[in-house]
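What follows draws every value from the coordinates through simple rules; no lab data is involved. Remember, predicted model here, so these are calculated numbers, not experimental data. Glycine also receives a Cβ, built like all others from the backbone with ideal geometry; neighbour counts cover every protein chain displayed.
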Amino acid sequence: MGIQGRELIRAMEAWAPPRLAVEKDRIGLQVGNPDAEVRGVLVTLDVTEDVVDEAIRLGANWIVAHHAVIYKPVSSLRTDRPAGRLYQKLLQHQIQVYIAHTNLDTADDGVNDVLAERLGLQDTEVLLPHIHERLKKIVVFVPEDHHEAVLNAMCEAGAGWIGQYSHCTFNVNGTGTFLPREGTNPYIGEQGKLERVKEIRLETIITESIQSRVIRAMLDAHPYEEVAYDLYPLDNSGPAMGLGRVGHLPQPVNLRQLAEQVKSAYEIDGVRFVGDPDRQVQRVAIMGGSGGRFYSAALDQQADVYITGDIDFHTAQDALADGLCLIDPGHHVERWVVPRVCEKLRSALPDVTITPSKVDTNPFRFA
């Protein structure tokens, strides 16, 4: 038996939660029923009629896409026109469409990390932060014989990360007291008798987004029937999350060489670039999609070159005047996130057939 769509949605949103999306972005389930059984998933960058036909041939009744299938307000559903025909086909074949857009751009290991990784950027940071995760301190009191098990369970669930260090905790020995009342089934001690137990106060840092996951892991690993733990909100700034990435190439190259590297890394027929072809560049900013309007963020991050799609004429002029090189590989290079989405979903839903689309949805060709 297959799973319900809500489980597929939970798997996507555990990785790219809606709170990571920019305001008013069109994300989430756009077509269909969240309770529909998942008989197969087709992953694509865009939802076109050819992609829907592919899903029908494959028997996939769910499509996970990056770009919204409903982006502008729909004023009519004329089935003699392409958009209306597309919606009709989706509904007629009971195909659900789920969208992860700027939340997938922002997410760790999402669109922008995939693009940076393919280009070989090192020491990457967020280019344009728009979210700072809220931090909390979680404290739990654990009997000594279960200390390691609880610590590891919490850290494996994501607690205790500070920068690139994991399992960051603080531990203090002490004595816990409790008196089991009638109806209890204590792990240690007996009903009606005050118990004193050697315990360890275990405390660590979590982000608000993983709070429920860490607490579940802690409770599952803890031996007590009733677990004593505290949560404290912190004023510390959490990790920045946002659009784009900025990092360094392993070695400096000139702009023309980097343009060739971009063509090779993203397997495209050509790029446009702005700047002196012989200029040496090493610090690179990148943003999937149409990021031209954010070129000032690349300047602020002291990038030598900014890689993004759909750069217009006046933006190119302005960036050139400001001393920033540009490379435009097109919007469609975002397709490289499709294999990553498949990988994540297969890991989370091993019994579901997850298939990457083979349809080329790029409307542009080179002469």
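For the charge dipole of segment 130-239, defined by +1 on Lys and Arg C-beta atoms and -1 on Asp and Glu C-beta atoms about the Cα centroid, which residue among A228, P180, A149 has the Cα displaced farthest towards the positive pole?
A228
Between A303, G163, N103, whose Cα lies farthest towards the positive end of the dipole of the chain when Lys and Arg beta carbons carry +1 and Asp and Glu beta carbons carry -1, centred on the Cα centre?
Final value for the positive-end residue is N103.
In debye to the nearest 20, how big a dipole does segment 130-239 give about its Cα centre with +1 on each Lys and Arg Cβ and -1 on each Asp and Glu Cβ?
So the dipole magnitude of segment 130-239 works out to roughly 200 debye.
Compute the Kirkwood hydrodynamic radius of segment 188-330, taking the inverse of the mean of 1/r over all pairs of distinct Cα atoms, and give it in Å to one decimal.
Mean inverse Cα-Cα distance, inverted, gives 19.4 Å.
Can you tell which of A55, L119, Q261 lies farthest toward the positive end of the dipole of the chain, using +1 and -1 charges on the Cβ of basic and acidic side chains (Lys, Arg; Asp, Glu)?
A55
What share of the DSSP beta bridges in the chain is antiparallel, in percent to the nearest 5?
If I count the DSSP bridges inside the chain, around 70 percent turn out antiparallel.
Check A21: other-chain or 5+ apart residues with amide H under 5 Å from its amide H, H built from backbone geometry?
N103
Quick check: pseudo-label points 7 Å beyond the Cα along Cα→Cβ at A83 and D310, how many nm apart are they?
Computed distance between label sites A83 and D310 equals 1.5 nm.
Could you identify which residue out of I307, I95, I138 has the top mean-square fluctuation in a GNM of the chain using Cα springs shorter than 10 Å?
Top of the fluctuation ranking is I138.
Among G288, G59, G244, determine the one that fluctuates most according to a GNM of the chain built with springs between C-alpha atoms less than 10 Å apart.
G59
To the nearest 20 debye, what charge dipole does the chain have about its Cα centre, counting +1 at the Cβ of each Lys and Arg and -1 at the Cβ of each Asp and Glu?
Result for the chain is approximately 760 debye, rounded to the nearest 20.
Would you mind working out the magnitude of the charge dipole of segment 28-156 relative to its Cα centre, with +1 at each Lys and Arg C-beta and -1 at each Asp and Glu C-beta, to the nearest 20 Debye?
In debye, rounded to 20, segment 28-156 gives about 920.
Taking the Cα atoms of segment 67-204 alone, what are Rg (to one decimal) and Dmax (as a whole number) in Å?
Both quantities, over Cα of segment 67-204: 26.4, 79 Å.
Mean residue ellipticity at 222 nm from the helices of the chain, using -39,500 (n - 2.57) per DSSP H segment of n ≥ 4 over the full residue count, to the nearest 500 deg cm²/dmol?
-8500 deg cm²/dmol
Quick one: if the Förster radius is 41 Å, what FRET efficiency do D235 and A367 give, using the C-beta to C-beta distance and rounding to 0.05?
0.10
Given the Cα atoms of segment 130-239, and with Rh set as the inverse mean 1/r over their pairs in the Kirkwood sense, what is Rg to Rh to two decimals?
Answer for segment 130-239: 1.03.
Cut-off 10 angstrom, C-alpha nodes, Gaussian network model of the chain. Which of V281, V47, V172 fluctuates the most?
V172
Please find the FRET efficiency linking E144 to E182, where r is the Cβ-Cβ separation and R0 is fixed at 25 Å, and quote it to the nearest 0.05.
Working from the Cβ atoms, E equals 0.35.
Using Stokes-Einstein with the Kirkwood hydrodynamic radius over Cα pairs, what translational diffusion coefficient do you get for the chain at 37 °C and a viscosity of 0.692 mPa s, in µm²/s rounded to a whole number?
My calculation gives 140 µm²/s for D.
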